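What follows is one structure encoded as structure tokens, with my remarks underneath.
The values are calculated or read from the model by the stated rules, or taken from the named source; none is laboratory data. Since the model is a prediction, treat every value here as computed from it, not as a measurement. Don't worry about glycine lacking a Cβ; one is built from the backbone with ideal geometry, like all the others, and counts go over all protein chains shown.
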Amino acid sequence: MQAGWRDERRQRICGVYVITDRYINPLHDHISISKTAIEGGASAIQLRDKRATTRELISWALRMRQMTACTRTLLIINDRLDVAMACKADGVHLGDDDMPIEIARELVGESMLIGRSVDNVEQAVEAERMGADYVSIGAVFPTATKPNAAQAVGIETVRAVKMAVNIPVVAIGGITVENAHLVIEAGADAIAVISAVAMSDEPLAAVKELVRIYEIHRGRL
């Protein structure tokens, strides 16, 4: 793959980034949320499941890959580079306890995006230096989906990270239709949501509204 492939997908990640989590709301599993995200116009879907077996993850990832293959929605796999490679995903998202970025890059070359979770500017700069294609900063607001929810980084950290790096910045944590505009105005290239979609009475309407808010505040509407 040429580097241009990664550049194009870096741009495509910008928008509404929907993360699946089957434990938040049993009514909405990985597949149903993926379908909703695609129909609603999300830029990316991340398969996130901390309890599943490798076999289960690959099964879901392959189905999600079929769903995204003919769309502009990117498929990102959380934590597991092996699963991402098995389903030919567009990217993998790595955290503190996962494979180092430089080793992941050696394994996938230019064929896959690599994202990295960060808490501050220093970590974001280091992630870019090591070859990350984008960074995810959060939790921006307190949220029950992250164990350190009380230690929200706030809007100003999003702004500072955006000014410090030259790769897309994905903001995550407590983002809703009510506060999404604040995060976008702070410079976030993408807003990542879990509960805002999975816990909504109307998930599709929630995705569409988040996309509309993103487009308005990025000057696209």
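Remark: pairs (first residue in region 53-71, farther than 18 Å from Asp82 by Cα; second residue of a type outside the set (Lys, Arg) and not in a helix (DSSP H, G or I); Cβ separation under 8 Å; 6+ apart in sequence or on different chains) = Thr68/Ile45; Thr68/Leu74; Thr68/Leu75; Thr68/Asp90. Tell me which residues, restricted to region 46-96, are β-branched (Val, Ile, Thr), closer than 24 Å to Ala205 by Cα, buried (at least 16 other Cβ atoms within 10 Å of the Cβ) and out of contact with any Leu (no Cβ under 6 Å at 6 or more places or on another chain). Thr73, Ile76, listed by residue number.
If I filter region 61-72 for residues that are of a type outside the set (Phe, Trp, Tyr), at pLDDT below 95 and out of contact with any helix residue (DSSP H, G or I) (no Cβ under 7 Å at 6 or more places or on another chain), do I get at least one hit? Yes, region 61-72 contains a residue that is of a type outside the set (Phe, Trp, Tyr), at pLDDT below 95 and out of contact with any helix residue (DSSP H, G or I) (no Cβ under 7 Å at 6 or more places or on another chain).
Of Leu81, Leu94, Leu75, all but one fail to be closer than 19 Å to Ile31 by Cβ, out of contact with any Phe, Trp or Tyr (no Cβ under 8 Å at 6 or more places or on another chain) and not small (Gly, Ala, Ser); the exception is Leu75. Among the conditions (1) in contact with a helix residue (DSSP H, G or I) (Cβ under 7 Å, 6 or more places away or on another chain); (2) at pLDDT 95 or above, the only one that Leu221 does not satisfy is (2). Among the residues making up region 36-50, those that are at pLDDT 95 or above, among the charged types (D, E, K, R) and either within 16 Å of the chain's Cα centre (by Cα) or assigned to a loop (DSSP other than H, G, I, E, B) (or both) are Arg48, Asp49. Please go through region 185-204 and pick out each residue that is of a type in the set (A, V, I, L, M, F, W, C), without any contact (Cβ under 8 Å) to a residue 40 or more places away in the chain and assigned to a helix (DSSP H, G or I). Passing the criteria: only Ala196.
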